[in-house]
Amino acid sequence: MRQEMRNVPRILIGASGSGCGKTTFTCGLLQALKNMGKHPAAFKCGPDYIDPMFHSEVLEVPSRNLDLFFAESNTVRFLLSKHTAEADIAVMEGVMGYYDGLAGISPQASSYDLALKTRTPAVLLLDGRGKSLSLLAEIKGFLELEEESMIRGVILNRVSEMIYPQLKEMVEERLPVKVYGYLPKMDDCGLESRHLGLVTAAEIKDLRQIICRLAEQLEKSVDLAGLMALACSAAPLCCQEPVLPQRRGPKVRIGLARDKAFCFYYQDNLDLLSELGAELVPFSPLEDDHMPEGLDGLMIGGGYPELYLRQLSENVSMREHIKKAITAGLPCQAECGGFMYLHETVKAQDGSAFPLVGLIAGESYPLGKLSRFGYITLTAGQDTMLCKKGESIKGHEFHYWDSTCAGDAFHARKPLRKKAWDCIVAGDNLFAGYPHIYYYSNPAAAERFLAACRAYKELK
């Protein structure tokens, strides 16, 4: 494997917990860097789809996931290096609390783990409301919990201009960490509750105005030059190019369901398919009458089909086209919302049921609460389109609906926990279930999907 060493200016924005303003601050920082004429690249620690979509669509900053459960550390460093080739600085947004990792009992796959494995200086965003000396105790705990915390700075959130100089002086006098600035309380600029899949063009305009206000505040109260200097102090990023599948045949056309109902895709999954010879052809199950012509494969990602059940159901020609194509052998990968769409019916929150594609003989129904959440390892119990019997691929679940036909082709197991269950409807040309999978945890799965598409193309 070829080893690479590159200087990649980078910082990670962590926090003491969820809801502390990481997303708000990170978005303001990205916009402020753009205002300075910089070209930032954004990354999200963990499996979340929403923040990378937000960075890309609202801020127009390229954004990817970096996840140390999905991929081993060298692959994560490789992806970080790959996606910063044209960037001046990489800004990583952390996940949950800084040390919170697998199953809530391990730091693995936490923000801290990402900072440590990529040798990235971390800046901790802390809520300073109603605190003075107690803030120092909080910072001291974060600095000393692990031998090498990677925390090099703090930002104080929700503190006033008047109290900030005193807090900064106390922290820097007594602790080995630099305070890089503050944000005052800005109730009209919070971004934690947004639901990106529902954002219209007009709402994006409003969000951009909010982010511009955040950036203006950061330019006044945060040491942006200092953060750039901190990012530039990061050690050279060292990685080896992982062994990945090579393109093994002619190009294939894969339909990519992409609209308000289906919008959740890991961009690295799509990129890997493209690199292996896929032409991804977007279409809308909501708006189009049928799939694009000449397809050799189909992907239907997650999203919000439950919000558009009537419109999806009334698009009968699309439903029939998809069912006929898959039944005739078109390879299809469907995840979460896409899996729901393939059912005979999906039940709405009010109890009404809507007929959908009808490929999967069962009903997807709401539970009124989060059904399954978190990382899983999927192990094939039989030979399938993506994995041979006994092989595994990693994924993530987050859904409020369940199914009367969840499938049993794979066995799912949560890391560091005994909880396990069967799932996935799969065969020679189908992989459909609630889990979102990540190809870099088993790149051969991407190769096999394309092999199925090429076999179908030859049969056509």
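The values are calculated or read from the model by the stated rules, or taken from the named source; none is laboratory data. For clarity, every value in this text was computed on a predicted model and none was experimentally measured. Positions of Cβ are generated from backbone atoms using ideal geometry, with glycine treated the same way; all protein chains shown enter the neighbour counts.
Could you give me the residue pairs with C-beta distances under 7 Å whose first residue belongs to the stretch 144-170 and is surrounded by fewer than 11 Cβ atoms within 10 Å (Cβ to Cβ), whose second residue is not small (Gly, Ala, Ser) wherever it lies, and which are 6+ apart or on separate chains? Once the first residue is surrounded by fewer than 11 Cβ atoms within 10 Å (Cβ to Cβ) and sits in the stretch 144-170, its partners that are not small (Gly, Ala, Ser) give GLU148/LEU116; GLU161/PRO184. The strands (runs of 3 or more DSSP E) found wholly in the stretch 362-410 and carrying at least 3 residues that are of a type in the set (A, V, I, L, M) and in contact with a His (Cβ under 9 Å, 6 or more places away or on another chain) occupy 372-380. Residue count for the stretch 260-276 under the criterion of being part of a loop (DSSP other than H, G, I, E, B) and crowded, with 19+ Cβ neighbours inside 10 Å: the result is 4.
When each of GLY395, GLY407, GLY433 is tested for being in contact with a strand residue (DSSP E or B) (Cβ under 6 Å, 6 or more places away or on another chain), at pLDDT 95 or above and under 24 Å from ILE105 (Cβ atoms), the lone residue that passes is GLY395. Taking the stated definitions as given, is ALA325 among the aliphatic types (A, V, I, L, M) and either loosely packed, with under 15 Cβ neighbours inside 10 Å or at pLDDT below 95 (or both)? No. Just one of the listed residues (LEU126, LEU68, LEU30, LEU116) is in a loop (DSSP other than H, G, I, E, B) and hydrophobic (A, V, I, L, M, F, W, C), namely LEU68. Looking at the stretch 370-405 only, could you name the residues that are crowded, with 19+ Cβ neighbours inside 10 Å, under 26 Å from ARG448 (Cα atoms) and hydrophobic (A, V, I, L, M, F, W, C)? ILE376, LEU378, ALA380, MET385, LEU386, CYS387, ILE393 - these are the residues of the stretch 370-405 that are crowded, with 19+ Cβ neighbours inside 10 Å, under 26 Å from ARG448 (Cα atoms) and hydrophobic (A, V, I, L, M, F, W, C).
If you filter the stretch 351-369 down to residues that are out of contact with any strand residue (DSSP E or B) (no Cβ under 7 Å at 6 or more places or on another chain) and farther than 16 Å from GLN311 by Cα, you find that the one that is surrounded by the most Cβ atoms within 10 Å (Cβ to Cβ) is LEU359.
Taking residues in the stretch 415-437 that are outside any loop (DSSP other than H, G, I, E, B), and partners anywhere that are surrounded by 24 or more Cβ atoms within 10 Å (Cβ to Cβ) and charged (D, E, K, R), the pairs with Cβ atoms closer than 6 Å and at least 6 places apart or on different chains are HIS436/GLU335. Is there a residue being modelled with pLDDT under 95, assigned by TED's automatic domain parsing to the domain that holds LYS117 and either more than 20 Å from LEU116 (Cα to Cα) or aliphatic (A, V, I, L, M) (or both) anywhere in the stretch 138-156? No, there is no match, as no residue in the stretch 138-156 is modelled with pLDDT under 95, assigned by TED's automatic domain parsing to the domain that holds LYS117 and either more than 20 Å from LEU116 (Cα to Cα) or aliphatic (A, V, I, L, M) (or both). When SER106 is tested against the conditions (1) under 20 Å from ALA15 (Cβ atoms); (2) surrounded by 19 or more Cβ atoms within 10 Å (Cβ to Cβ), the lone failure is (2). When LEU227 is tested against (1) buried (at least 20 other Cβ atoms within 10 Å of the Cβ); (2) more than 26 Å from LYS457 (Cα to Cα); (3) in contact with an Asp or Glu (Cβ under 9 Å, 6 or more places away or on another chain), just one condition goes unmet, and that condition is (3).
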